[in-house]
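The values are calculated or read from the model by the stated rules, or taken from the named source; none is laboratory data. Since the structure is predicted, the reported quantities are computational estimates derived from the model, not experimental observations. Ideal geometry is used to build each Cβ from the backbone, glycine not excepted, and the neighbour counts take in all protein chains shown.
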């Protein structure tokens, strides 16, 4: 069994085999996995790894354990001192957030900021649009600006309308970027049921 030491949990490799899951659950992000799933899984896990730093840290912890270390949900719940349904719920939210990031059209941040400065007159609107893409979490944007999520959503939609009305090929790219974001605003809400004081998990090598 894992042992607690202050705010940390230490696990010995010899104790963790029973925690392994037999299915990484990649269908939650990609749908059904085809027969050649080993190669497919490798590519998909690489995609997930590429965006993992963009999701909330605690969700990233769960994804790391579940998808990459193949730890069962019940074992993750035991490690963090929460219920298994909580882990399931948070993995589902993380999966949707990762799916959103993987499907987000490619863009260059410097060019995006230049474009937003041409279209939007208010620096607050520019910062909202930038942070919404950067954080994948509208509540984090609201906290950063010391505003409500309702304020952030209102200003976001108002800015999106201006972007859609702006002519040019470059505008069409950012229309796609922010339209994709707008379709995932519910995914980008934060519903943090876990406390910051929960233990960090360390696997002893």
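Data table
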read-out	value
Only listed residue being at pLDDT below 90, surrounded by fewer than 17 Cβ atoms within 10 Å (Cβ to Cβ) and touching a helix residue (DSSP H, G or I) at 6+ places or on another chain (Cβ under 7 Å), chosen from 194, 185, 134	185
Test: residue in region 140-149 that is in a helix (DSSP H, G or I), surrounded by 15 or more Cβ atoms within 10 Å (Cβ to Cβ) and within 16 Å of the chain's Cα centre (by Cα)	yes
Failed condition for residue 75, given (1) part of a helix (DSSP H, G or I); (2) touching a helix residue (DSSP H, G or I) at 6+ places or on another chain (Cβ under 6 Å); (3) loosely packed, with under 14 Cβ neighbours inside 10 Å	(3)
Residue match in region 80-98 (condition: more than 19 Å from residue 55 (Cβ to Cβ), in a helix (DSSP H, G or I) and in the same structural domain as residue 60 (by TED's automatic domain parsing))	yes
